[in-house]
1. Using only Cα atoms, tell me the angle between helix A:5-33 and the longest principal axis of chain A; keep it within 0 to 90° and round to the nearest 10.
2. Please report, in whole Å³, the volume per residue of the convex hull around the C-alpha atoms of the stretch B:3-228.
3. Once the Cα gyration tensor of chain A is found, what semi-axes does its equivalent ellipsoid get, as square roots of 5 times the eigenvalues, in whole Å, sorted largest first?
4. Given H placed on each backbone N at 1.01 Å, which residues far from B:LEU120 in sequence or on other chains put an amide H within less than 5 Å of it?
5. Can you tell me the relative contact order of chain B? Whole percent, Cα pairs under 8 Å, sequence separation 6 or more.
6. B:ILE7 accessible area, nearest 10 Å², 1.4 Å probe?
7. Please quote Rg/Rh for the stretch B:72-134 to two decimal places, taking the Kirkwood radius as Rh and restricting both calculations to Cα atoms.
8. I'd like to know how the stretch B:15-103 sits against the 2.2 N^0.38 Å rule of thumb: what's its Cα Rg over that expected value?
Amino acid sequence: MKINSLVLISLTIVGAWLLLLLSFFFMKQVLLLTDDAKGITIELLRDLIGIIILIIWTLAFYAIRKFTATYLLRS
Amino acid sequence: MNWVSLIIEFITSFIITLLLTIYLEKFLRKRNMSVPDAHKKEKPMIPRPGGIALLVGTTIALAFVNNVYAIAFISSLFIAFFIGLVDDIKKFGGPEKPLLAILAALPIIFLKAYSSTPYLPYVGHVTIKILYPLLVLAGFPIYTNATNMIDIFNGLVTGTTAISILPLIVYDFIKQNYAGIYLGIAFEASLIAFYIRHKYPSKIFPGDSGSMLMGAGIVGLMIVSGAEVIGIIATLPLIFNGFFILSSIGGFKEHSELIRPLIILNDYRMIANKEPKAPITLARLIASQKPMSEKQLVYSILLLSLISVILSLITMVVYYL
């Protein structure tokens with residue numbers, strides 16, 4: 001049985017929300033691991049983690065688009 | 001907090017926007033500034049652009065709020081509005097509009113109406129000195145184009161924006177962030193008033209000037225409120241729609257170059273175009289299984305906005321309070 005399109009998109013929104021929260025959990029863990037870093041190093045590290053998180057979000061949104069489009073439009 | 005001044009601000013913004021919108025409907029129609037509503041059988045001519053009513057209503061309501069946040073917010077709205085107005089009159093090419101939309105971020109940057117220590121779930125306040133101003137610069141083109149791209153059906157962009165900023169206003173009230181409260185209330189009242197005339201069946205269209213102003217309003221409020229993550233979650237359908245379109249067509253392109261994502265049937269219901277090269281939009285995905293009317297599609301996307309708002313409120317309760 002095919003899932004209703006609106007239900008599927010709602011589920012992907014919930015999935016994206018969980019991923020956003022997970023990415024911040026990941027950020028916290030990395031910051032804890034580098035707890036002893038100070039000054040310019042920690043500032044650059046935070047920016048770097050921020051960039052990594054943005055890349056993860058972009059890839060995840062791309063995967064969501066691929067999945068929903070394949071499921072709803074190609075079948 | 002002065003509740004009387006907040007109520008006066010709400011009523012001022014609401015009434016000015018509503019009256020000006022009704023006036024603009026007649027004014028624009030008289031001057032033949034109307035476009036056909038493509039999703040209706042009779043193809044009625046609808047006046048546009050009506051977005052100036054939002055700008056005037058919000059600005060007058062905020063006239064007595066004398067702080068740097070209000071000046072930065074209103075300046076951003078003005079810049080986004082005028083970029084959209086030029087697009088309404090003389091269409092921009094593919095990447096020109098998003099590049100120009102960066103200008104709308106400048107008042108926030110130069111007046112320092114932001115804090116580079118956003119609050120993140122799990123992490124708490126974190127200083128992101130280099131990346132944050134860059135994100136502010138990127139946020140305006142992202143959101144002004146996201147609202148512009150979702151402005152395809154009657155009332156959709158206004159409804160989505162009005163729903164999406166609700167969690168930001170709630171957050172400002174909880175955190176007693178007065179600057180955010182006053183900006184949010186003025187903007188929300190103006191959006192509700194405009195929605196009354198823009199909702200299905202539309203009496204007026206906001207135009208690119210109106211839709212870009214709405215995008216600037218969302219991102220401006222997110223920054224001033226310091227509720228970036230809450231705002232991102234509340235606007236996930238907007239982000240999805242914009243990202244899906246851009247990633248499926250490979251960047252910014254003119255409308256005329258694109259294949260229509262929806263096919264309009266004889267009874268004026270719409271169904272997804274199965275052509276693989278057609279842009280992937282939320283409306284196309286929703287109408288992929290059965291034909292849907294414009295009204296059904298609008299309410300489906302508004303429902304997605306409501307789900308996102310609930311998720312952002314859950315995030316607020318769990319991680320922010």
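1. With rounding to tens, the tilt is 10 degrees.
2. On the way: hull volume 26.3 nm³, N = 226.
Dividing the Cα hull volume of the stretch B:3-228 by its residues yields 116 Å³.
3. Working: eigenvalues 254, 27, 9 Å².
Semi-axes, largest first: 36, 12, 7 Å.
4. Under 5 Å from the amide H of B:LEU120: B:HIS125, B:VAL126.
5. Numbers: 557 pairs, mean separation 74.6, N = 321.
Here the relative contact order equals 23 percent.
6. The accessible area of B:ILE7 comes to roughly 100 Å².
7. Details: Rg = 15.1 Å, Rh = 13.5 Å.
Using only Cα positions, Rg/Rh for the stretch B:72-134 is 1.12.
8. Numbers: Rg = 15.5 Å, N = 89, 2.2 N^0.38 = 12.1 Å.
So the Cα radius of gyration is 1.28 times the expected 2.2 N^0.38 Å.
The values are calculated or read from the model by the stated rules, or taken from the named source; none is laboratory data. Everything numeric here is computed off the predicted structure, so don't read it as measured data. Quick note on the areas: whole protein, heavy atoms, side chains included, nothing else; ligands and nucleic acids left out. Shrake-Rupley method; radii C 1.70, N 1.55, O 1.52, S 1.80 Å.
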